[in-house]
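Student: Sharing a structure below in structure tokens format, with a few things to ask.
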Amino acid sequence: MDIFYTQTTCDRCGGSLKGGRTMSRFNTDCICMECSRKEMDDPEYKAAVEAEIAEIKRGNYNFRGIRG
């Protein structure tokens with residue numbers, strides 16, 4: 001099983017992932033929901049989302065992010 005599903009702490013802040021987890025839009029970090037909310041305030045967030053969508057449309061489901 002992928003470590004994303006089994007790790008217990010956020011790659012960014014070290015906090016617990018018990019409240020939920022997601023993949024960062026900027027790289028392959030597994031982050032907590034609080035870090036995800038903070039990430040949305042980054043000035044490059046929209047560009048990161050658009051880049052991810054473009055890669056998925058090309059068939060790349062393993063995009064490492066714009067900072068990956």
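The values are calculated or read from the model by the stated rules, or taken from the named source; none is laboratory data. What you are looking at is a predicted structure, and each value in this text was computed from that prediction instead of being measured. No Cβ is skipped: glycine too gets one built from the backbone with ideal geometry, and neighbour counts run over all protein chains shown.
Student: Filter the range 4-31 for residues that are in contact with a strand residue (DSSP E or B) (Cβ under 8 Å, 6 or more places away or on another chain) and touching a residue at least 24 places away in the same chain (Cβ under 8 Å); which is surrounded by the fewest Cβ atoms within 10 Å (Cβ to Cβ)?
Tutor: 4
Student: Give all pairs with beta carbons closer than 8 Å in which a residue from the range 42-68 that is more than 12 Å from residue 25 (Cβ to Cβ) meets a residue that is surrounded by 13 or more Cβ atoms within 10 Å (Cβ to Cβ) and not polar (S, T, N, Q); count only pairs at least 6 apart in sequence or on separate chains.
Tutor: 56/63
Student: Mind checking which residues of the range 11-53 are part of a helix (DSSP H, G or I) and out of contact with any Phe, Trp or Tyr (no Cβ under 9 Å at 6 or more places or on another chain)?
Tutor: Listed by number, the residues that qualify are 33, 34, 35, 36, 37, 38, 46, 47, 49, 50, 53.
Student: Which of the residues belonging to the range 54-68 are in a helix (DSSP H, G or I) and either among the β-branched types (Val, Ile, Thr) or touching a Ser or Thr at 6+ places or on another chain (Cβ under 7 Å) (or both)?
Tutor: If the condition is that a residue be in a helix (DSSP H, G or I) and either among the β-branched types (Val, Ile, Thr) or touching a Ser or Thr at 6+ places or on another chain (Cβ under 7 Å) (or both), then 56 is the only one that fits.
Student: Which of the residues belonging to the range 54-68 are within 22 Å of residue 10 (Cβ to Cβ), touching a Phe, Trp or Tyr at 6+ places or on another chain (Cβ under 9 Å) and not hydrophobic (A, V, I, L, M, F, W, C)?
Tutor: If the condition is that a residue be within 22 Å of residue 10 (Cβ to Cβ), touching a Phe, Trp or Tyr at 6+ places or on another chain (Cβ under 9 Å) and not hydrophobic (A, V, I, L, M, F, W, C), then 65, 67, 68 are the ones that fit.
Student: Scan the range 35-52 residue by residue and report those that are surrounded by 11 or more Cβ atoms within 10 Å (Cβ to Cβ) and either more than 12 Å from the chain's Cα centre (by Cα) or modelled with pLDDT under 95 (or both).
Tutor: The answer is 42, 44, 46, 47, 50, 51.
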